[in-house]
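Chemist: This structure is in structure tokens; I'll ask about it shortly.
Readers should treat all values here as calculations from the given coordinates under stated rules, not as data from a laboratory. These numbers were taken from a predicted model, which means no experiment stands behind them. Because the Cβ atoms are built from the backbone with ideal geometry, glycine has one as well, and the counts that use them run over all protein chains shown.
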Amino acid sequence: MDTKQKFIIALNKALEWEYAAAVQYVQHAAVITGPEYAAIATELVVHSNEEMAHAVIVSTIISDLGGTPSIDVEKRDISEDAKTMLEQDLAGEELAIKIYKALIKQAEELGEYGYRRQLEQILIDEEEHRRDLLSSLGR
């Protein structure tokens, strides 16, 4: 398997996680309760919309490279406990940051500088999401 094909496979895995993150954020925003979580509930909807925007970008990159964007959704977690929900969201962002750092490296190795830049912007968003969640968890 060539490097480009490996890149497409890795992009598709990132896409599956983007779909899952969007769904998880919507579910968590809908069910999280408590006055201390009102602001973050609104922010979770914003995060969901940003994850779907990431999915569109990643899908377009995959297609431009000659691949077929995945429609599979990675499994995500739900909870009835607000703090646990936010911990789950934080874990998802930590994973996304790891995934995008690896994708940026792959894009660089392929000489795909435009794609690298798009992936860097997604990474910036994911790092912002992590900061939002850490703040809401009091860290």
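Chemist: Among G114, G34, G67, whose mean-square fluctuation peaks in a Gaussian network model of the chain (Cα, cutoff 10 Å)?
Modeler: G34
Chemist: Which one of I9, V46, L134 is farthest out on the positive end of the charge dipole of region 3-136, using unit charges on Cβ (Lys, Arg +1; Asp, Glu -1) and the Cα centre as origin?
Modeler: I9
Chemist: Let me ask you something else. Can you give me the orientation-averaged projected area of the convex hull built on the Cα atoms of region 1-63, in nm²?
Modeler: Approximately 4.4 nm², given one-decimal rounding.
Chemist: Follow-up. Return L44, L65 ranked ascending by Cβ neighbour count within 10 Å, so the fewest neighbours appear first.
Modeler: With the sparsest Cβ surroundings first, the list reads L65, L44.
Chemist: Ranking request for peptides 55-62, 124-131, 20-27: highest mean number of other beta-carbon atoms within 10 Å first, then the rest in descending order.
Modeler: The packing order, highest mean first, is 20-27, 55-62, 124-131.
Chemist: While we're looking at this one, here's another question. Tell me the Rg and the Dmax, in Å, that the Cα atoms of region 42-113 produce.
Modeler: In Å, with Rg to one decimal and Dmax whole: 14.7, 45.
Chemist: Now, a different point. Relative to the longest principal axis of the chain, what angle (0 to 90°, nearest 10) does the C-alpha long axis of helix 38-64 take?
Modeler: 10 degrees
Chemist: What are the ³J(HN,Hα) values, in whole Hz, obtained from phi via the Karplus relation 6.51 cos²θ - 1.76 cosθ + 1.60 with θ = phi - 60°, for each residue of region 6-20 in sequence order, with x given for Gly and Pro?
Modeler: These are the phi-based 3J(HN,Hα) values: 4, 4, 4, 4, 5, 4, 5, 5, 4, 4, 4, 6, 5, 4, 4 Hz.
Chemist: Compute the Kirkwood hydrodynamic radius of the chain, taking the inverse of the mean of 1/r over all pairs of distinct Cα atoms, and give it in Å to one decimal.
Modeler: Result for the chain stands at 15.3 Å.
Chemist: Which ³J(HN,Hα) values in Hz, rounded to whole numbers, follow from the phi angles of region 91-97 under the Karplus curve 6.51 cos²θ - 1.76 cosθ + 1.60, where θ = phi - 60° and Gly and Pro get x?
Modeler: 4, x, 5, 4, 5, 4, 4
Chemist: For the chain, what is the calculated [θ] at 222 nm in deg cm²/dmol (nearest 500), taking -39500 (n - 2.57) for each run of four or more DSSP H residues and dividing by its residue count? Could you put the intermediate results ahead of the total?
Modeler: Working: 4 runs with 109 residues, N = 139.
Calculated mean residue ellipticity at 222 nm is -28000 deg cm²/dmol.
Chemist: Do you know the relative contact order of region 1-126, to the nearest whole percent, from alpha carbon pairs under 8 angstrom that are 6+ apart?
Modeler: It comes to 32 percent, rounded to a whole number.
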